[in-house]
Structures are given as structure tokens and as C-alpha cells.
Amino acid sequence: MAICRARVRAGALLSLFRHYSERACSSSPISSNFQNVGFIGLGNMGFRMANNLIRAGFNLAVHDINHGVMKMFSDMGIPAKDSPLDVAESSDVVITMLPSSSHVLDVYTGPNGLLHGGSIVRPLLFIDSSTIDPQTSRKLSAAVSQCALKQEKDDWKKPVMLDAPVSGGVIAAEAGTLTFMVWYHVQVGGSQEAYLSAKPLFHSMGKNTIYCGGAGTGSAAKICNNLAMAVSMLGVSEALALGQSLGIDASTLTQVFNSSSARCWSSDSYNPVPGVMEGVPASRNYAGGFASKLMSKDLNLAAASAKDVGIECPLTSQAGEIYESVCKDGHESEDFSCVFRHHYSGQDEL
């Protein structure tokens, strides 16, 4: 399956894997209705989510097109399956973390997909943590609800799907060896009963979970969150670049923002000006973080969703055009805060 995957530097990934492997060996299993977990999509975020589940004591089976990452799991004794269908046949619950709607559809409904064969499945629960459009989430939820279970369990008479995209990020600290701490905020849409049953899974991967409503509402919440995040970053970047042109240092103007009404995540936790804040992508030449191409994708999802419901969203359109331009100029892999440099021509803080 043509699943695009953001690559993590080999050395950093290996250090991260060793870190989690050591912690996994000391973990004791927890009781769960979903002890056998399938995980598909071991990219920058999925890799860490899967490892958090291992640490929590779940029995994992994994799949990804990246054979190098698959080998890391198999070397630790984690079954690496050849296809999504193989994952489904050994799992009580399957979690997917993929780049786009087309990839999710392929993994669910394509050849050797999770729903291959159509009418009878083993997993009680399917959880998609990808950032996709709400329409696709609802379509897949309906497809899952049409299936029957190979074996009913307790009150589970039919399989259920939850859309549970994640927000947050990866904080890396280097002290001899590279270690990572990962926190996620999970927005969940679908059956409330299934959500409550799956909370041990979510709490193993994330810090907070928020139930948003019926099928597709988790995806809708993630799209709206990223829309607000993009517009906020553009506003802060524009103001800081203007301030520099007016003779105000970015660090000084940031202090003004953060002690008054302009304070926001983009100013006080993820500042886009190189030299103002340590530990953010701007301090690493915009390496790592949330790629501009992913922000562009999410803004396109927001624009399409707005069109579907007949809502005018001019800031969505303008933000999408800016990020599309940044990507076309060759900065698609840089963190989305790079708009400060590449769109507004802002200067580094010396």
C-alpha cells in the first residue's frame, strides 16, 4: 500500500526504540477488554503510540510498509504482520495512524484490508487516529457497523469504529542518548459506550481524552483545532515580522504578547522566531515538529468540510494558500512555524 511515511533519523529512532524496549520489559500487563491490539502506521507519531501501548502491557501486532521499522518491532518479539488483514485476524482492537484519507480507505477497504471479505471480522473495535475528513470517518464507521463479529464478547454484538485523532507533539531531549516524552490529547467521535470501554487504551497513549460526539466528530474537532493553530501561527508570525520592521526585537515583543491579550500557544510555547525560545523547531532550523505539508493538507480538509456544510471560511482559504506556497517553495518538510521566515521574511533573533 502506498502509505507515505515521514522518516525519523535512523539514529534517533534506534535510540528511541531502545528506550522504550527497556521500559517495556519492566511493564506489567493491565487488564483490558482489548488486550490484543493491532497497530497500523508506525511513522513519527504512530511509532511512539505503539510503544506506549507496549509499555502499558498490551499485546501488540504491527504493520507498516517501512520494513526497517517492522524489523525493530519483530526483533523485540512483537509480531510484524504482512498486511492489515493479518493484523485484524489476530486482534481484538485495531488502531490506525496514517497520513491521509486515501491511505485510511486503502487500509480498511483495499486488497487485504481490515474489512477484506466484507461481512465478518474478528476485531470488536476499530480506532482511526489519522487526521482525515469527517465524511470519510462516517463512511468507514457505517461500513464497520455493517459487519458481524466472528465471536461476540460480553455486550459486544457488532464491531464499532471510533475516530480518535491526536493533537500535541513530541518533545525530544538529548543527554548522552536521545530520549523522548510523548503526550497526546485525543479527540474521540463515535459510540460513547465504545469510547468508555476504550479509555484504558487512550490513557496508555495520551494525557487527555475528550469525547466529542457521534461518528466523525473526533475528526471534525481535529480539523478545527489545526485550523485555529494555523491561523494563530500566521497571526503571531505576521505581528513579529512587522515588529522587527518597526524596530522591536522579537524577544521583547514576545514578552509583550505573553503578558497581555495577544498571548497564545504560538507565542508562549511554540515561538516561530529562531533565537527566542529553546526546544522548539525554530531553534533547530525548523527541523522536526509538524511539517508544513501536513498543515497544508489539514487546511485543505477544513476548506472541503466548510464547503460541504456551506460555511464561508476566508481565513481557512488564505491560510491554505500561504502554506501551499511555502510547500511549493521547497519547505514542505519544515515545521509549519517556518512561515515566519519563508512567507514573512522574518529575521532570526541574534
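The values are calculated or read from the model by the stated rules, or taken from the named source; none is laboratory data. These figures come from a predicted structure and were not determined experimentally. Ideal geometry is used to build each Cβ from the backbone, glycine not excepted, and the neighbour counts take in all protein chains shown. Quick note on the areas: whole protein, heavy atoms, side chains included, nothing else; ligands and nucleic acids left out. Shrake-Rupley method; radii C 1.70, N 1.55, O 1.52, S 1.80 Å.
Summary of computed values
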{"read-out": "Sequence-distant residues sharing a close amide H with residue 61 (under 5 Å, placed H)", "value": "37, 38, 39"}
{"read-out": "Cβ-defined net charge surrounding residue 63, 10 Å radius [Lys, Arg +1; Asp, Glu -1]", "value": "-2"}
{"read-out": "Share of carbon and sulfur in the accessible heavy-atom surface of segment 43-125 [1.4 Å probe, %]", "value": "52"}
{"read-out": "Local electrostatic count at residue 308 - Lys and Arg +1, Asp and Glu -1, tallied over other residues with Cβ under 12 Å", "value": "+1"}
{"read-out": "Mean Cβ neighbour count within 10 Å, used as a protection proxy, ranking 219-232, 316-329 highest first", "value": "219-232, 316-329"}
{"read-out": "Cross-link partners of residue 153 among aspartates and glutamates (Cα-Cα below 16 Å; sequence separation of 8 or more within a chain)", "value": "89, 92, 193"}
{"read-out": "Accessible surface, 1.4 Å probe, highest first, among residues 246, 294", "value": "246, 294"}
{"read-out": "Cα-centre dipole for segment 197-350 with unit charges at Cβ (Lys and Arg positive, Asp and Glu negative), debye to 20", "value": "560"}
{"read-out": "Label-point separation in nm, residue 153 to residue 309, each point 7 Å along Cα→Cβ", "value": "3.4"}
{"read-out": "Carbon and sulfur %, accessible surface of segment 214-302 computed with the full protein complex present, 1.4 Å", "value": "56"}
{"read-out": "Separation of alpha-carbon centers, segment 234-253 and segment 273-350, rounded to whole Å", "value": "17"}
{"read-out": "Heavy-atom accessible area ranking, 1.4 Å probe, most first, across 270, 286", "value": "270, 286"}
{"read-out": "Length gained when the stretch residue 278-residue 65 is fully extended (0.36 nm per residue, less Cα-Cα span)", "value": "73.2 nm"}
